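Presented below is the structure to which this report refers.
The values are calculated or read from the model by the stated rules, or taken from the named source; none is laboratory data. Fair warning: this is a prediction, and the values are worked out from it, not measured in the lab. Here the Cβ positions follow ideal geometry from the backbone for every residue, glycine too, while neighbour counts run over all protein chains shown.
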Amino acid sequence: MLSIRSSVAPFALLPAIALLLAGCQTAPPQPAAPPPVVMPAPVGPVGVPTPPAPLMTPASFADLPGWQQDDLRQAWPAFLASCKALAVKPAWTAPCAAAASIDRGDSAAIRAFFESRFVPNVVRAADGADTGLITGYYEPMLHGARKRGGAFQTPLYSVPDDLLTIDLASAYPDLKNMRLRGRLDGKRVVPYSTRSEIARAPLTGKELLWVDDPVEAFFLEVQGSGRVELADTGETVRVAYADQNGQPYKAIGRYLVEQGELTVKTASAQSIKAWIAAHPERRQELFNVNPSYIFFKEERLPDPSVGPKGALGVPLTPERSVAVDPQFLPLGAPVWLATTRAGSDVPLQRLMMGQDTGGAIRGAVRADLFYGFGKQAADNAGLMKQQGRIWVLLPR
């Protein structure tokens, strides 16, 4: 992965704190497509940028490449998980209630459900572009301990006591997905410490765990959550996103490309790690390119087969959950993704659920595919930087 995430967690607006103040069944007849709908951009206060509105054009299921070939039974558990969060919303109450009576093993019934209750909308950016970047992420495994010692010298921090979160929705409802982070300096709210500042002045007393690899700790932040096998107790725990310092996310892979150290074609999580291994003296310099910093919380891991929770608050389903930008796409909605497999030209066309967000996931035609846990998931996520198209399925 080309450093494409900062969290599997709620979306955070970044700097400018002081200034505020990415068996088939024939489909039933479709109604005539209404004219394109321009989603209004939120109106915000001075100093807070408002994103350009995306263009959503109603389409038919026949327009979705590969729709008839996808095994929707594999997406059904992820959709039911979305309903746990969405069913209280008026537009979703009826379809989520109807889903309870669908046989999860009946592919034709599931297809008929979506075709009769949803309208696919092709998503375009404000400039009309209907293709965008599709990346991947996964849940890594790290090795650590509860106490510092030996190889375990790199801390994973919990949320600092002086980190403030300012929710703009209380004053500007249209900005419900935007939050500002900072800290108090006297009576002023100022930006919170950057990564380089935290490296120079460690957050003593907020160490959650200690791990043995600073590179894997950095990439854990990029993924947003992971697992840590504890050498001193023998247990494995999950570390989940808890908060973020509010600083803007900057991709270290893009920086290496700009510096001529890597090329766009070769840049990946694997090549970035190889570059660091070859230039250990420049490791912290490279990390400091990304001022964003992620804070974690510890969670029990009673069932290793269950994925981490995304921004929607439900567990992510490998290869059926994606992170989207909630400024443009409704969190939790079904998303039809038409792209290619990681590092190849082989088509990847399937139904996903937009159940997560990420600091680097910005824009209407932008998605980050969750690959799950394990080496294969890591390999796929590291190579995933494809172009793709997106349709969002909205209730009729």
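Per-structure values
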{"read-out": "Test: V123 is out of contact with any Leu (no Cβ under 6 Å at 6 or more places or on another chain), assigned by TED's automatic domain parsing to the domain that holds W391 and crowded, with 20+ Cβ neighbours inside 10 Å", "value": "yes"}
{"read-out": "Residue in the stretch 151-170 that is surrounded by the most Cβ atoms within 10 Å (Cβ to Cβ), counting only those that are among the acidic types (D, E) and in a loop (DSSP other than H, G, I, E, B)", "value": "D162"}
{"read-out": "Every pair of residues 6+ apart whose Cβ atoms lie under 7 Å, when the first sits in the stretch 279-290 and is at negative phi while the second is in a helix (DSSP H, G or I) and among the basic types (K, R)", "value": "F287/R195; N288/R195; N290/R195"}
{"read-out": "Residue match in the stretch 58-73 (condition: aliphatic (A, V, I, L, M) and in contact with a Lys or Arg (Cβ under 6 Å, 6 or more places away or on another chain))", "value": "yes"}
{"read-out": "Residue match in the stretch 160-177 (condition: modelled with pLDDT of 95 or more and over 24 Å from the mean Cα position of the chain (by Cα))", "value": "yes"}
{"read-out": "Criterion violated by Q349 - all others in (1) of a type outside the set (S, T, Y); (2) in a loop (DSSP other than H, G, I, E, B); (3) farther than 30 Å from Y293 by Cβ satisfied", "value": "(2)"}
{"read-out": "The stretch 365-396, residues that are under 18 Å from Q270 (Cβ atoms), assigned to a strand (DSSP E or B) and not basic (K, R)", "value": "D368, L369, Y371, G372, F373, Q386"}
{"read-out": "Number of positions in the stretch 171-212 that are of a type in the set (A, V, I, L, M), under 29 Å from I361 (Cβ atoms) and assigned to a strand (DSSP E or B)", "value": "6"}
{"read-out": "L175 vs. criteria in contact with a Pro (Cβ under 8 Å, 6 or more places away or on another chain) and of a type outside the set (S, T, Y)", "value": "yes"}
